[in-house]
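Worksheet: one structure, shown below.
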Amino acid sequence: MLGVIPIEEALRLSREQNLDLVEISPNAEPPVCRIMDFGKYKYEVNRKERQARKHGQHAADLKEIKFHANVGDHDYETKVRHIREFLTDGHKVKTSLFLRGRENIHRELGYAVINRVVKDCESVSTTEGPPRALGSSIIVMLSPKGARVSGPSTPAPAANPFPMPAITPKPPNA
C-alpha cells in the first residue's frame with residue numbers, strides 16, 4: 001500500500017523490481033494499480049478456472065466396466081463390487097461385454113452375463129434401457145437409483161402423532 005502516487009513514479013518502482021504495473025480497477029477514482037508479475041497472475045487465474053471447471057463436472061462422471069463372455073467367477077464378483085461402489089457414489093456406469101472371434105456366434109452367453117450384472121446391481125441401480133448390441137459388443141447403461149447416497153438426504157415425512165379415528169356411518173333404522 002503505497003497510497004496515491006504519480007504514474008511515472010509507479011512505473012519507475014515496477015521497473016526497479018522487474019515487475020509489471022497492472023491496473024486492477026480502472027473505474028475507481030483514482031484508478032487502482034498493483035505492482036506484480038503479470039505472467040504469474042495470469043497463470044494463477046487460469047489454474048483456478050481449470051479447478052472450478054474440474055470440480056463442476058464431477059457430477060457428470062461416467063465409469064465403464066468391461067466384461068468378456070467367459071469371465072471368471074472371482075473377476076465377475078470384483079467387477080460387480082466396483083460397479084456397485086460407483087453407483088453408490090452417484091456415478092453412471094457403462095457396462096460393456098466384448099465378444100471375440102467365435103464368441104460372436106453365441107451372443108446368448110454375452111446377454112446372460114450382462115443380464116446377470118443387471119440383476120446383481122438392481123438394488124442400487126436402474127437401467128437406461130435394455131442391453132443392446134453394437135458391433136461385437138453388448139452395452140447397458142446403469143444409473144444410480146434415487147438420490148446420491150453420499151450426499152445429503154431428505155428425511156422421510158413423520159407419521160401423524162395424533163391420528164383421527166375412522167368415522168363409520170350409523171345404519172339407518174329399518
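Subtract the Cα-Cα distance of R102 and T126 from 0.36 nm times their separation in residues, and report this length gain in nm to one decimal.
Residue separation times 0.36 nm, minus the Cα-Cα distance, leaves 5.5 nm.
Give the lysines whose C-alpha is closer than 29 Å to that of K66, dropping any in the same chain fewer than 8 places away, or say none.
Excluding near neighbours in sequence, the set is K54, K79, K92, K94, K119, K145.
With charges set only on the Cβ (+1 for Lys and Arg, -1 for Asp and Glu), what does the dipole of the range 60-144 come to about its Cα centre, in debye to the nearest 20?
So the magnitude is around 260 debye.
Please name which of S123, T88, L99 has its Cα lying farthest along the dipole of the range 60-144 towards the positive end, using unit charges on Cβ (Lys, Arg +1; Asp, Glu -1) and the Cα centre as origin.
Sorting the options by dipole projection puts first L99.
Spelling out what I want: for every residue of the range 21-37, take phi, set θ = phi - 60°, compute 6.51 cos²θ - 1.76 cosθ + 1.60 (Karplus), and round to whole Hz; glycine and proline get x.
9, 10, 7, 8, 10, x, 8, 6, 10, x, x, 9, 10, 9, 8, 7, 8
For a quick protection proxy, order the peptides 47-54, 115-122, 92-99, 66-73 by their average other-Cβ count within 10 Å, most packed first.
Those peptides, ordered most packed to least, come out 92-99, 115-122, 66-73, 47-54.
Throughout, read-outs are computed from the coordinates displayed, never taken from laboratory work. Quick caveat: nothing in here was measured; it's all calculated off a predicted structure. Ideal geometry is used to build each Cβ from the backbone, glycine not excepted, and the neighbour counts take in all protein chains shown.
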